[in-house]
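Trainee: Below you will find the structure I want to go over with you.
The values are calculated or read from the model by the stated rules, or taken from the named source; none is laboratory data. Treat the numbers as computed from the prediction; the structure is a model and nothing was measured. Cβ atoms come from the backbone with ideal geometry, glycine included; neighbour counts cover every protein chain shown. Heavy atoms of the whole protein, side chains included, go into the accessibility calculation; ligands, DNA and RNA do not. Shrake-Rupley method; radii C 1.70, N 1.55, O 1.52, S 1.80 Å.
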Amino acid sequence: MVFSENARIGGTLVWYHSICRRQVWLMSRSVAPDKDNDALALGRLIDQNTFAREKHQVAFGDNKFDFVSGKDGALIVSEVKKSSRAEKASALQLAHYLYELKKEGIDARGVLHFPTEKRKEDVILTDSLIAELEAVYADIGANASQQTPPAATQSKYCLKCAYAEYCWS
Ligand code: SF4
């Protein structure tokens with residue numbers, strides 16, 4: 001899959017853009033990650049066991065929210081993460097969901113949940129977050145249209161990345 005100009009960008013891709021542009025390019029070309037990767041396995045486990053009673057996934061366009069709940073008349077979109085290691089990326093992903101809703105005339109606020117740390121953070125869609133998202137969308141499109149991926153750059157995320165073998169062996 002190479003993104004066309006009009007392709008809708010999902011929240012997961014926004015998250016990966018903050019982690020590694022090379023990873024986004026690989027995903028755009030449908031290069032399959034290593035399914036036995038420990039981080040992916042932990043993510044699946046948390047996905048299955050956390051918030052079992054209150055959680056329900058909601059599909060909205062090309063996005064899938066972890067759960068949506070209403071409190072005092074306000075719509076709250078939540079995103080569950082296995083750690084706050086990439087908190088900025090997670091906040092942008094959630095802001096992307098809020099922005100997608102806003103484009104449909106729905107005002108919502110977000111909450112990031114880090115169950116293994118017993119912590120949560122509010123995410124409010126501000127004008128500066130919207131500007132940041134617009135820049136991310138443009139860069140994702142420009143990156144995906146390149147014939148070759150950005151060079152692999154060693155970072156703290158490589159250690160648990162499902163593409164590590166592809167990049168570094
Ligand atoms: S291993 Fe590192 S450079 Fe390669 S895709 Fe993953 S994060 Fe990016």
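Trainee: Look through Ser78, Ser84 and report the one residue that is of a type in the set (S, T, N, Q), modelled with pLDDT of 70 or more and assigned to a loop (DSSP other than H, G, I, E, B). Walk me through it before giving the result.
Mentor: Values: Ser78 fails: assigned to a loop (DSSP other than H, G, I, E, B).
The match here is Ser84.
Trainee: Name, by its number, the condition in (1) under 15 Å from Glu87 (Cα atoms); (2) of a type in the set (Asp, Glu); (3) within 16 Å of the ligand (Cβ to nearest atom) that does not hold for Glu117.
Mentor: (3)
Trainee: Looking at this structure, is Ala108 among the small types (Gly, Ala, Ser), in contact with a strand residue (DSSP E or B) (Cβ under 6 Å, 6 or more places away or on another chain) and more than 14 Å from the ligand (Cβ to nearest atom)? Give the derivation first.
Mentor: Values: among the small types (Gly, Ala, Ser): yes; in contact with a strand residue (DSSP E or B) (Cβ under 6 Å, 6 or more places away or on another chain): yes; more than 14 Å from the ligand (Cβ to nearest atom): yes.
Taking the combined requirement at face value, the residue satisfies it.
Trainee: Scan region 4-16 and tell me whether some residue there is at pLDDT 55 or above, more than 15 Å from the ligand (Cβ to nearest atom) and open to solvent by 40 Å² or more (accessible area, probe 1.4 Å).
Mentor: Among the residues of region 4-16, at least one is at pLDDT 55 or above, more than 15 Å from the ligand (Cβ to nearest atom) and open to solvent by 40 Å² or more (accessible area, probe 1.4 Å), which makes the answer yes.
Trainee: Looking at the structure I just gave you, is Tyr166 closer than 23 Å to Ser30 by Cβ, open to solvent by 100 Å² or more (accessible area, probe 1.4 Å), within 16 Å of the ligand (Cβ to nearest atom) and not β-branched (Val, Ile, Thr)?
Mentor: Working: closer than 23 Å to Ser30 by Cβ: yes; open to solvent by 100 Å² or more (accessible area, probe 1.4 Å): yes; within 16 Å of the ligand (Cβ to nearest atom): yes; not β-branched (Val, Ile, Thr): yes.
Yes, satisfied.
Conditions (1) under 19 Å from the mean Cα position of the chain (by Cα); (2) of a type in the set (Ser, Thr, Tyr), marked per residue:
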residue	(1), (2)
Leu92	yes, no
Asp122	yes, no
Ile140	yes, no
Ser145	no, yes
Pro150	no, no
Glu165	no, no
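Trainee: Further question on the same structure: Given the conditions (1) open to solvent by less than 50 Å² (accessible area, probe 1.4 Å); (2) out of contact with any Pro (no Cβ under 7 Å at 6 or more places or on another chain); (3) among the hydrophobic types (A, V, I, L, M, F, W, C); (4) farther than 18 Å from Ser78 by Cα, report the number of the one that Ala135 does not fulfil.
Mentor: Unmet for Ala135, out of (1) open to solvent by less than 50 Å² (accessible area, probe 1.4 Å); (2) out of contact with any Pro (no Cβ under 7 Å at 6 or more places or on another chain); (3) among the hydrophobic types (A, V, I, L, M, F, W, C); (4) farther than 18 Å from Ser78 by Cα: (1).
Trainee: Could you tell me whether region 134-154 includes any residue that is in a loop (DSSP other than H, G, I, E, B), more than 7 Å from the ligand (Cβ to nearest atom), in contact with a helix residue (DSSP H, G or I) (Cβ under 9 Å, 6 or more places away or on another chain) and of a type in the set (A, V, I, L, M)?
Mentor: Yes: region 134-154 contains one or more residues that are in a loop (DSSP other than H, G, I, E, B), more than 7 Å from the ligand (Cβ to nearest atom), in contact with a helix residue (DSSP H, G or I) (Cβ under 9 Å, 6 or more places away or on another chain) and of a type in the set (A, V, I, L, M).
Trainee: Given the criteria part of a helix (DSSP H, G or I) and either surrounded by 15 or more Cβ atoms within 10 Å (Cβ to Cβ) or touching a residue at least 60 places away in the same chain (Cβ under 8 Å) (or both), does Ala95 qualify?
Mentor: Spelling it out, Ala95 is indeed part of a helix (DSSP H, G or I) and either surrounded by 15 or more Cβ atoms within 10 Å (Cβ to Cβ) or touching a residue at least 60 places away in the same chain (Cβ under 8 Å) (or both).
Trainee: Against the conditions (1) open to solvent by 70 Å² or more (accessible area, probe 1.4 Å); (2) closer than 15 Å to His17 by Cα, where does Thr116 fall short? Just the number, please.
Mentor: That leaves (2) as the condition not met.
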